[in-house]
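Engineer: One structure is given below, represented as structure tokens, and several questions about it will come after.
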Amino acid sequence: MNDTQLPPLPLPPGVRSRHVALPTGLLMHWLESGQPAAHAPAKPLIVLLHGFPELAFSWRHQLVALAEAGFHVVAPDQRGYGRTTGGDDRYEGNWRGSQMMQLVDDVLALVQSLGHTTVHALFGHDFGSPVAAWCALTRPDVFKSVVMMSAPFAGPPHKDSALANHERLLNEVQALHALQPPRQHYQWYYSGPEANEDMWHAPQGVHDFLRAYYHVKSADWSPNQPYRLKAWQAQVLAELPHYYVMPLNETMAQAVAPHMPDSAHIQNCRWLSEDDLAVYALEYSRRGFQGGLQWYRCATDRSEYVALSRFSGQTIQVPSAFLAGASDWGVYQFPGAFETMQTQVCTDMRFCELIPGAGHWVQQEQPQQVSQRLLDFLDQL
């Protein structure tokens, strides 16, 4: 099924779906709300960046709320995701095309294609959070403020210790395999050749895999009671739930399958209806997951640490904030990152807030609270 044959997305009133060809090689699909009328003055631009395994559709609530406040709001399907094409989705293909600076260039190219020279605010969730952070750190002339969500940003690798720190991370990841019972870190699993096939052709099907995956990382799963981890050590990392530090001999589909919610819970799920889930299931069923998994291959690769260390010592100097769900283990999965972001990386941190009643999918689980806090942030600029 090609893009011209795809059904229209079930978008809220006032949100439209668009495509634009970018000089970075992408035909980027994006959602838009609040676009100014022809010959009307330009509105301040807000860009929303999703994570994995998500889509621009994950921002459907904020697209409306921010546009109603007078902003021009766009949310792209990022490289490798959804209805954006032009990246390399093959495991054996050009996976380095998803290195962080390429992702930053994609956002810059989108902004330029819209006729803007600056972005009033950039909001990123999950893997979109570090992309937003790197945009703000490297191009503060374009990105005038940033909100990171659900994934704290610990700053660039230190130039003099990038290789040693990567080696330390990898040693503890490998030490997980020797625990009893043996475990594996999800990011290195995602970087391997089997992950896409495991999820794309999960025994329970993509729909049920995603339902279980979204459920188990949400506040609806009661065991999500996160706390600060003491250190990046195998024994400590093993305290993380199985969707972060998985049983060694299980796939991600197997790891989340026991936590599939029952039919009553699904029927009453206020934040992810079956119609909403069908959007994700369609996109990942037809395309697979490898486009997004390429990002993890880059993030865990030794050469990426070296490449990003050229920014060693740089900080985010534009106004910034952090939002996450109070039930989100993602805040603490990299010990110390949450604190480092606040005390060393962001020089103008306006607030850092954990929202009750939300897990990892904070802007979907608590859309009104998130939209209001984003508007509060904008009011401070």
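The values are calculated or read from the model by the stated rules, or taken from the named source; none is laboratory data. Model, not experiment: these values are computed from the prediction. No Cβ is skipped: glycine too gets one built from the backbone with ideal geometry, and neighbour counts run over all protein chains shown.
Engineer: Which one of Gln290, Gln294, Gln369 is surrounded by 16 or more Cβ atoms within 10 Å (Cβ to Cβ), within 20 Å of the chain's Cα centre (by Cα) and free of Cβ contacts under 8 Å to residues at least 24 places away in the same chain?
Structural biologist: Numbers: Gln290 fails: free of Cβ contacts under 8 Å to residues at least 24 places away in the same chain; Gln294 fails: free of Cβ contacts under 8 Å to residues at least 24 places away in the same chain.
Matching residue, one of Gln290, Gln294, Gln369: Gln369.
Engineer: Just a yes or no: is a residue in the range 199-211 more than 30 Å from Ser371 (Cα to Cα), of a type in the set (D, E, K, R), touching a Pro at 6+ places or on another chain (Cβ under 9 Å) and surrounded by 20 or more Cβ atoms within 10 Å (Cβ to Cβ)?
Structural biologist: no
Engineer: Taking the condition over 18 Å from the mean Cα position of the chain (by Cα) and either assigned to a helix (DSSP H, G or I) or not assigned by TED's automatic domain parsing to the domain that holds Ala154 (or both), does Leu374 pass?
Structural biologist: For Leu374, the condition - over 18 Å from the mean Cα position of the chain (by Cα) and either assigned to a helix (DSSP H, G or I) or not assigned by TED's automatic domain parsing to the domain that holds Ala154 (or both) - is not met.
Engineer: What pairs come up if the first residue lies in the range 199-223 and is outside the structural domain of Gln333 (by TED's automatic domain parsing) and farther than 20 Å from Gly288 by Cα, the second is modelled with pLDDT of 95 or more and among the acidic types (Asp, Glu), and their beta carbons are under 7 Å apart, counting only those six or more places apart or on different chains?
Structural biologist: Cβ pairs passing all conditions: Ser218/Glu365; Ala219/Glu365.
Engineer: In the range 81-105, which residues are assigned to a helix (DSSP H, G or I) and of a type in the set (Asp, Glu)?
Structural biologist: Just the residues of the range 81-105 that are assigned to a helix (DSSP H, G or I), to begin with: 95-98, 100-105.
Asp105, the sole residue that qualifies.
Engineer: Name the residues in the range 315-336 that are polar (S, T, N, Q) and touching a Gly at 6+ places or on another chain (Cβ under 8 Å), would you?
Structural biologist: Within the range 315-336, Thr315, Ser327 meet the criteria.
Engineer: On to the next question. Can you pull out the residues in the range 27-62 that are among the aliphatic types (A, V, I, L, M), closer than 19 Å to Phe143 by Cβ and either at pLDDT 95 or above or part of a strand (DSSP E or B) (or both)?
Structural biologist: Met28, Leu45, Ile46, Val47, Leu48, Leu49, Ala56
This table checks each residue for (1) at pLDDT below 95; (2) over 21 Å from the mean Cα position of the chain (by Cα); (3) more than 28 Å from Val20 (Cα to Cα); (4) not in a helix (DSSP H, G or I).
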site	(1), (2), (3), (4)
Ala75	no, no, no, yes
Arg79	no, no, no, yes
Val107	no, no, no, no
Asp141	no, yes, no, yes
Asn165	yes, yes, yes, no
Val173	no, yes, yes, no
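Engineer: Here's another thing I want to ask about it. Taking Ala69 and the conditions (1) crowded, with 23+ Cβ neighbours inside 10 Å; (2) of a type outside the set (S, T, N, Q); (3) touching a helix residue (DSSP H, G or I) at 6+ places or on another chain (Cβ under 7 Å), which numbered condition does it fall short on, given that it satisfies the others?
Structural biologist: (1)
Engineer: Taking the range 311-363, which residues are among the acidic types (Asp, Glu), part of a loop (DSSP other than H, G, I, E, B) and closer than 16 Å to Phe377 by Cα?
Structural biologist: Asp348 - this is the single residue of the range 311-363 that is among the acidic types (Asp, Glu), part of a loop (DSSP other than H, G, I, E, B) and closer than 16 Å to Phe377 by Cα.
Engineer: Does Pro223 satisfy the condition of being within 26 Å of Gly336 (Cβ to Cβ), touching a helix residue (DSSP H, G or I) at 6+ places or on another chain (Cβ under 8 Å) and part of a loop (DSSP other than H, G, I, E, B)? Working first, answer last.
Structural biologist: Working: within 26 Å of Gly336 (Cβ to Cβ): yes; touching a helix residue (DSSP H, G or I) at 6+ places or on another chain (Cβ under 8 Å): no; part of a loop (DSSP other than H, G, I, E, B): yes.
When the stated conditions are applied, Pro223 does not pass them.
Engineer: For residues that are assigned to a loop (DSSP other than H, G, I, E, B) and buried (at least 18 other Cβ atoms within 10 Å of the Cβ), tally how many sit in the range 245-270.
Structural biologist: 3
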